[in-house]
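Worksheet for the structure shown next.
The values are calculated or read from the model by the stated rules, or taken from the named source; none is laboratory data. On a predicted model such as this, the values are computed, not experimentally measured, just so you know. Counting neighbours? That spans all protein chains shown, and the Cβs are built from the backbone with ideal geometry, glycine included. Each accessible area value is taken on the protein alone, full model and side chains, heavy atoms only, with ligands, DNA and RNA left out. Shrake-Rupley method; radii C 1.70, N 1.55, O 1.52, S 1.80 Å.
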Amino acid sequence: MLKLGEKGAVPQRDKKTYAIAPHIPCGVITPEQLRTIADVADKYKAQAVKITSASRITIVGLKEADIDNAWKDLSLNLGHAVGLCVRSIKACPGTTFCKLGQQDSLGMGMKLDEIYHGMELPSKTKMGVSGCTNQCAENCIKDISLMGKKSGWTLMVGGNGASRPRLAEIFAEELDSDTALVLIEKIVAYYKENGKKGERIGKMIDRLGLDTLKDAVIAG
(Lines give C-alpha, C1' and ligand atoms only; values in the text may rest on other atoms or scores of the structure.)
Protein backbone atom coordinates (compact mmCIF):
# COMPACT_ATOMS: atom_id res chain seq x y z
CA MET A 1 0.00 0.00 0.00
CA LEU A 2 1.30 3.44 -0.93
CA LYS A 3 2.13 5.90 1.83
CA LEU A 4 0.29 9.22 1.90
CA GLY A 5 3.35 11.07 0.61
CA GLU A 6 3.58 8.71 -2.34
CA LYS A 7 -0.04 9.56 -3.12
CA GLY A 8 0.85 13.24 -3.30
CA ALA A 9 -1.09 13.94 -0.09
CA VAL A 10 0.25 16.91 1.87
CA PRO A 11 -0.82 17.27 5.53
CA GLN A 12 -2.60 20.54 6.31
CA ARG A 13 -2.41 22.90 9.25
CA ASP A 14 -5.33 21.26 11.06
CA LYS A 15 -3.37 17.95 11.16
CA LYS A 16 -6.55 16.16 10.07
CA THR A 17 -6.93 16.88 6.35
CA TYR A 18 -4.74 16.74 3.26
CA ALA A 19 -4.17 18.56 -0.02
CA ILE A 20 -3.50 16.94 -3.38
CA ALA A 21 -2.17 18.63 -6.51
CA PRO A 22 -2.72 17.02 -9.92
CA HIS A 23 0.11 17.54 -12.38
CA ILE A 24 -0.69 20.32 -14.85
CA PRO A 25 2.33 20.67 -17.17
CA CYS A 26 3.33 24.35 -17.39
CA GLY A 27 -0.10 25.34 -16.11
CA VAL A 28 -1.91 24.41 -19.33
CA ILE A 29 -5.23 22.70 -18.62
CA THR A 30 -8.33 21.81 -20.62
CA PRO A 31 -11.88 22.89 -19.76
CA GLU A 32 -12.76 19.22 -19.22
CA GLN A 33 -9.95 18.80 -16.70
CA LEU A 34 -11.05 21.96 -14.88
CA ARG A 35 -14.60 20.59 -14.62
CA THR A 36 -13.26 17.28 -13.27
CA ILE A 37 -11.22 19.03 -10.59
CA ALA A 38 -14.27 21.08 -9.58
CA ASP A 39 -16.46 17.96 -9.48
CA VAL A 40 -13.94 16.11 -7.28
CA ALA A 41 -13.66 19.09 -4.94
CA ASP A 42 -17.46 19.17 -4.60
CA LYS A 43 -17.85 15.42 -4.23
CA TYR A 44 -15.37 15.11 -1.39
CA LYS A 45 -16.28 18.44 0.23
CA ALA A 46 -12.88 20.08 -0.16
CA GLN A 47 -12.27 23.17 1.94
CA ALA A 48 -10.73 25.09 -0.97
CA VAL A 49 -9.32 24.89 -4.48
CA LYS A 50 -6.06 26.87 -4.66
CA ILE A 51 -3.98 27.93 -7.66
CA THR A 52 -0.36 27.67 -6.54
CA SER A 53 2.70 29.74 -7.43
CA ALA A 54 3.89 26.81 -9.55
CA SER A 55 0.71 26.86 -11.68
CA ARG A 56 -0.73 23.77 -10.02
CA ILE A 57 -4.33 23.53 -8.83
CA THR A 58 -4.44 22.11 -5.32
CA ILE A 59 -7.54 20.53 -3.81
CA VAL A 60 -7.30 21.43 -0.14
CA GLY A 61 -8.92 19.86 2.93
CA LEU A 62 -9.60 16.26 1.91
CA LYS A 63 -10.11 13.50 4.44
CA GLU A 64 -7.52 10.72 4.43
CA ALA A 65 -10.20 8.14 3.65
CA ASP A 66 -11.13 10.00 0.44
CA ILE A 67 -7.67 10.44 -1.08
CA ASP A 68 -7.54 7.20 -3.10
CA ASN A 69 -11.00 7.73 -4.56
CA ALA A 70 -10.30 11.37 -5.30
CA TRP A 71 -7.27 10.42 -7.38
CA LYS A 72 -9.26 7.72 -9.14
CA ASP A 73 -11.97 10.22 -10.07
CA LEU A 74 -9.45 12.80 -11.25
CA SER A 75 -7.64 10.42 -13.62
CA LEU A 76 -4.67 12.81 -13.55
CA ASN A 77 -1.06 12.22 -12.58
CA LEU A 78 0.10 13.64 -9.26
CA GLY A 79 2.17 16.80 -9.21
CA HIS A 80 5.47 16.51 -7.37
CA ALA A 81 5.01 19.32 -4.86
CA VAL A 82 7.24 17.97 -2.07
CA GLY A 83 10.41 15.94 -1.74
CA LEU A 84 13.94 16.07 -3.15
CA CYS A 85 12.98 16.24 -6.80
CA VAL A 86 12.24 18.52 -9.73
CA ARG A 87 9.00 20.38 -9.09
CA SER A 88 6.57 21.55 -11.77
CA ILE A 89 8.28 23.60 -14.47
CA LYS A 90 7.06 27.20 -14.62
CA ALA A 91 6.71 28.68 -18.10
CA CYS A 92 5.20 31.86 -19.52
CA PRO A 93 3.07 31.88 -22.73
CA GLY A 94 6.06 32.90 -24.89
CA THR A 95 5.67 33.09 -28.65
CA THR A 96 2.66 30.75 -28.47
CA PHE A 97 0.41 33.52 -27.15
CA CYS A 98 2.31 36.59 -25.91
CA LYS A 99 3.12 39.51 -28.21
CA LEU A 100 6.33 40.13 -26.24
CA GLY A 101 7.66 36.59 -26.62
CA GLN A 102 11.03 36.14 -28.29
CA GLN A 103 11.31 32.36 -27.88
CA ASP A 104 8.90 29.42 -27.53
CA SER A 105 8.99 29.22 -23.74
CA LEU A 106 5.83 27.14 -23.48
CA GLY A 107 7.12 24.53 -25.91
CA MET A 108 10.49 24.42 -24.16
CA GLY A 109 8.81 24.23 -20.76
CA MET A 110 6.75 21.24 -21.88
CA LYS A 111 9.94 19.47 -23.02
CA LEU A 112 11.65 20.12 -19.70
CA ASP A 113 8.55 18.98 -17.83
CA GLU A 114 8.45 15.72 -19.77
CA ILE A 115 12.12 15.03 -19.06
CA TYR A 116 12.59 16.26 -15.51
CA HIS A 117 9.33 16.59 -13.57
CA GLY A 118 9.59 14.36 -10.50
CA MET A 119 13.23 13.40 -11.12
CA GLU A 120 14.97 12.70 -7.80
CA LEU A 121 17.93 15.01 -7.13
CA PRO A 122 20.00 16.00 -4.06
CA SER A 123 17.46 18.69 -3.17
CA LYS A 124 14.23 20.19 -4.44
CA THR A 125 14.86 21.79 -7.81
CA LYS A 126 12.83 24.45 -9.57
CA MET A 127 13.00 25.26 -13.28
CA GLY A 128 11.54 28.15 -15.23
CA VAL A 129 11.32 29.25 -18.85
CA SER A 130 10.60 32.83 -19.89
CA GLY A 131 10.07 33.89 -23.48
CA CYS A 132 11.55 37.37 -23.02
CA THR A 133 13.63 39.46 -20.64
CA ASN A 134 10.61 40.29 -18.47
CA GLN A 135 11.24 36.88 -16.86
CA CYS A 136 7.63 36.14 -15.94
CA ALA A 137 8.76 32.64 -14.92
CA GLU A 138 10.94 34.22 -12.21
CA ASN A 139 14.24 33.03 -13.67
CA CYS A 140 16.27 34.92 -11.08
CA ILE A 141 15.12 32.58 -8.29
CA LYS A 142 15.06 29.28 -10.17
CA ASP A 143 17.71 26.57 -9.83
CA ILE A 144 17.82 26.22 -13.62
CA SER A 145 16.11 28.53 -16.07
CA LEU A 146 16.00 29.77 -19.64
CA MET A 147 15.28 33.32 -20.78
CA GLY A 148 14.42 34.03 -24.40
CA LYS A 149 16.00 36.75 -26.54
CA LYS A 150 15.99 37.25 -30.31
CA SER A 151 19.54 35.87 -30.34
CA GLY A 152 18.52 32.69 -28.51
CA TRP A 153 18.26 31.34 -24.98
CA THR A 154 20.11 32.63 -21.93
CA LEU A 155 20.74 29.76 -19.49
CA MET A 156 20.81 30.71 -15.80
CA VAL A 157 21.64 28.58 -12.76
CA GLY A 158 21.72 28.72 -8.99
CA GLY A 159 18.74 30.84 -8.05
CA ASN A 160 16.39 30.18 -5.15
CA GLY A 161 13.88 32.13 -3.11
CA ALA A 162 14.27 30.34 0.20
CA SER A 163 14.93 31.88 3.63
CA ARG A 164 18.28 33.07 2.30
CA PRO A 165 17.51 34.04 -1.31
CA ARG A 166 20.14 33.67 -4.01
CA LEU A 167 19.99 35.24 -7.45
CA ALA A 168 20.68 33.02 -10.44
CA GLU A 169 23.85 33.50 -12.49
CA ILE A 170 24.23 33.43 -16.26
CA PHE A 171 25.75 30.15 -17.40
CA ALA A 172 25.62 30.62 -21.18
CA GLU A 173 23.96 32.89 -23.74
CA GLU A 174 22.69 32.89 -27.33
CA LEU A 175 21.84 29.19 -27.27
CA ASP A 176 19.60 27.36 -29.71
CA SER A 177 17.03 25.03 -28.18
CA ASP A 178 18.95 21.80 -28.76
CA THR A 179 22.13 23.20 -27.19
CA ALA A 180 20.18 24.55 -24.23
CA LEU A 181 18.67 21.13 -23.57
CA VAL A 182 22.07 19.43 -23.78
CA LEU A 183 23.62 21.88 -21.32
CA ILE A 184 20.75 21.46 -18.87
CA GLU A 185 21.14 17.68 -19.09
CA LYS A 186 24.84 18.00 -18.24
CA ILE A 187 24.20 20.42 -15.37
CA VAL A 188 21.62 18.07 -13.87
CA ALA A 189 24.01 15.12 -14.24
CA TYR A 190 26.79 17.06 -12.50
CA TYR A 191 24.41 18.09 -9.72
CA LYS A 192 23.33 14.47 -9.22
CA GLU A 193 26.95 13.45 -8.86
CA ASN A 194 28.30 16.33 -6.79
CA GLY A 195 25.43 17.89 -4.87
CA LYS A 196 25.06 17.06 -1.19
CA LYS A 197 21.71 15.91 0.18
CA GLY A 198 19.51 18.93 0.78
CA GLU A 199 21.91 21.26 -1.06
CA ARG A 200 20.32 23.41 -3.76
CA ILE A 201 22.26 24.02 -6.97
CA GLY A 202 23.14 27.55 -5.87
CA LYS A 203 24.67 26.29 -2.63
CA MET A 204 26.67 23.72 -4.60
CA ILE A 205 27.95 26.54 -6.80
CA ASP A 206 28.90 28.57 -3.72
CA ARG A 207 30.85 25.57 -2.44
CA LEU A 208 32.56 24.50 -5.67
CA GLY A 209 32.49 27.62 -7.84
CA LEU A 210 30.60 28.49 -11.02
CA ASP A 211 33.76 28.06 -13.12
CA THR A 212 34.14 24.52 -11.78
CA LEU A 213 30.61 23.71 -12.93
CA LYS A 214 31.21 25.33 -16.32
CA ASP A 215 34.48 23.47 -16.84
CA ALA A 216 32.89 20.13 -15.93
CA VAL A 217 29.89 20.68 -18.21
CA ILE A 218 32.03 21.81 -21.16
CA ALA A 219 34.46 18.91 -20.67
CA GLY A 220 31.54 16.48 -20.50
Item to check | Residue with peak Gaussian network fluctuation, the chain [Cα springs, cutoff 10 Å], from ALA162, ALA41, ALA70 | outcome: ALA162
Checklist outcome for this item: Beyond 22 Å (Cα-Cα) in this structure, taken from LYS43/LYS72; LYS126/LYS214; LYS99/LYS126; LYS124/LYS150; LYS72/LYS126; LYS124/LYS203, we find LYS99/LYS126; LYS124/LYS150; LYS72/LYS126
Checklist entry - How many angstrom separate the Cα center of the range 17-58 from the Cα center of the range 168-194? => result 32
Checklist entry - So what's the back-of-envelope 222 nm ellipticity for the chain, counting only DSSP H runs of four-plus at -39500 (n - 2.57) apiece and dividing by all residues, rounded to 500? => result -10000 deg cm²/dmol
Item to check | Length-normalised contact order for the range 44-88 - Cα pairs under 8 Å, 6+ apart - percent | outcome: 30
Item to check | Gaussian network model of the chain, Cα within-10 Å springs - most flexible of SER105, SER145, SER163 | outcome: SER163
Next on the checklist: Show me the trypsin sites (Lys or Arg not before Pro) within the range 113-220 that DSSP assigns to loop and that have at most 11 other Cβ atoms within 10 Å of their Cβ.
Outcome noted: LYS150, LYS196, LYS197
Checklist entry - With the contact rule set at Cα under 8 Å and sequence spacing of 6 or more, what percent relative contact order holds for the chain? => result 13
Checklist outcome for this item: With the charge dipole of the range 16-124 built from beta-carbon charges (+1 for Lys and Arg, -1 for Asp and Glu) about the Cα centre, the Cα from ILE37, MET108, CYS98 projecting farthest to the positive end belongs to CYS98
Item to check | Virtual paramagnetic centre 7 Å along Cα→Cβ of THR30, amide N under 20 Å, in the range 91-128 | outcome: 107, 110-111, 113-114
Checklist entry - Which shape class, rounded, prolate or oblate, goes with the range 1-142 when its Cα gyration tensor gives a ≥ b ≥ c as root eigenvalues, a/c under 1.5 marks rounded, and past that a/b bigger than b/c marks prolate? => result prolate
Item to check | Sulfur and carbon atoms: percent of accessible area, the chain [1.4 Å] | outcome: 52
Next on the checklist: On a full-extension model of 0.36 nm per residue, what is the gain between MET119 and GLU64, subtracting their alpha-carbon distance, rounded to one decimal in nm?
Outcome noted: 17.2 nm
Next on the checklist: Between ALA38 and CYS98, how high is the FRET efficiency from 1/(1 + (r/R0)^6) when r is the Cβ-Cβ distance and R₀ = 25 Å? Nearest 0.05.
Outcome noted: 0.35
Item to check | Cα lying deepest toward the dipole's positive end in the range 116-220, options ILE201, SER177, SER151, charges on Cβ | outcome: ILE201
Checklist entry - With r defined as the distance between the Cβ atoms of HIS23 and ARG207 and R0 fixed at 41 Å, what FRET efficiency is calculated, to the nearest 0.05? => result 0.80
